[in-house]
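Following: one structure in structure tokens, then a few remarks.
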Amino acid sequence: MALLPILEFPDPRLRKIAKPVEEVTDAIRQLTDDMLETMYAAPGIGLAATQIDVHQRIVVIDVSDEGDAPLVLINPEWEAIDDVMDNYQEGCLSVPEFYDDIERHSHIIYRALNRDGNPIEAQASGLLAICIQHELDHLNGKLFVDYLSRLKRDRIRKKLEKKHRLQQQGS
């Protein structure tokens, strides 16, 4: 397994729309294993392939307290079960050290292929529902900062651009 570099906002590659996975192969399974290792090491609870500059519809998630319940979603989609919305403070591995309240659907149904290429369908609520919506946004080129005001988003972008400039100067 390998740790993969995570793209950070405002990298334009985060805006690419991911393409469906044609077939779940050994290479795709290896990619999901590497994504899980990267997510756990970050540490995070979700990672979309877009965040590692792979533009395929793949997401890994683990919202368990122990970090021992990985969920692999290939070609995922979701829909709201009802109109109930929740505010949840979100962060993102691609927007490090920034958090804000985002309103999302509380109860969803999701469908995907699992790591073995078998179809799955389940309901999710709470943190898992939020995480699925957040990660699937990544596959569509959207970040949680897009839900914020332009002023907040610009402030975050400027701070991260400065951080990236300082890192490049130090290398």
Name, by its number, the condition in (1) charged (D, E, K, R); (2) at pLDDT 95 or above; (3) surrounded by fewer than 18 Cβ atoms within 10 Å (Cβ to Cβ); (4) assigned to a helix (DSSP H, G or I) that does not hold for R165. (2)
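Do you know which residues across region 12-32 are in contact with a helix residue (DSSP H, G or I) (Cβ under 8 Å, 6 or more places away or on another chain), more than 26 Å from V145 (Cα to Cα) and open to solvent by 20 Å² or more (accessible area, probe 1.4 Å)?
Once the filter is applied, which keeps residues that are in contact with a helix residue (DSSP H, G or I) (Cβ under 8 Å, 6 or more places away or on another chain), more than 26 Å from V145 (Cα to Cα) and open to solvent by 20 Å² or more (accessible area, probe 1.4 Å), region 12-32 yields only L31.
So that you can scan it fast, the table gives a plain yes or no per residue for (1) assigned to a loop (DSSP other than H, G, I, E, B); (2) open to solvent by 10 Å² or more (accessible area, probe 1.4 Å); (3) free of Cβ contacts under 8 Å to residues at least 60 places away in the same chain:
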site: I6; (1), (2), (3): yes, yes, no
site: P10; (1), (2), (3): yes, yes, no
site: D34; (1), (2), (3): no, yes, yes
site: Y40; (1), (2), (3): no, yes, yes
site: V54; (1), (2), (3): yes, yes, yes
site: E66; (1), (2), (3): yes, yes, yes
site: A69; (1), (2), (3): yes, yes, yes
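Please tell me if D137 is of a type in the set (D, E, K, R) and within 20 Å of E77 (Cα to Cα). Before you say what the answer is, go through the steps one by one.
Details: of a type in the set (D, E, K, R): yes; within 20 Å of E77 (Cα to Cα): yes.
In short, yes.
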Cβ-Cβ distance below 8 Å, separation of 6 or more or different chains: which pairs start in region 143-171 with a residue that is free of Cβ contacts under 8 Å to residues at least 60 places away in the same chain and closer than 15 Å to I102 by Cα and end on one that is of a type in the set (A, V, I, L, M, F, W, C) and in a helix (DSSP H, G or I)? L148/I156; K152/V145; R153/V145
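Which of the strands (runs of 3 or more DSSP E) contained wholly in region 77-138 include at least 2 residues that are open to solvent by 20 Å² or more (accessible area, probe 1.4 Å) and acidic (D, E)? Before the answer, list the steps.
Working: elements: 85-92, 95-105, 107-113, 119-125.
Because the criterion is at least 2 residues that are open to solvent by 20 Å² or more (accessible area, probe 1.4 Å) and acidic (D, E), the strands (runs of 3 or more DSSP E) in region 77-138 that meet it are 95-105.
The values are calculated or read from the model by the stated rules, or taken from the named source; none is laboratory data. Since we're looking at a predicted model, the values are computed, not measured. Using ideal geometry, Cβ is built from the backbone for each residue, glycine included, and neighbour counts are taken over all protein chains shown. Accessible surface is based on the protein model in full, side chains and every heavy atom, while ligands, DNA and RNA are left aside. Shrake-Rupley method; radii C 1.70, N 1.55, O 1.52, S 1.80 Å.
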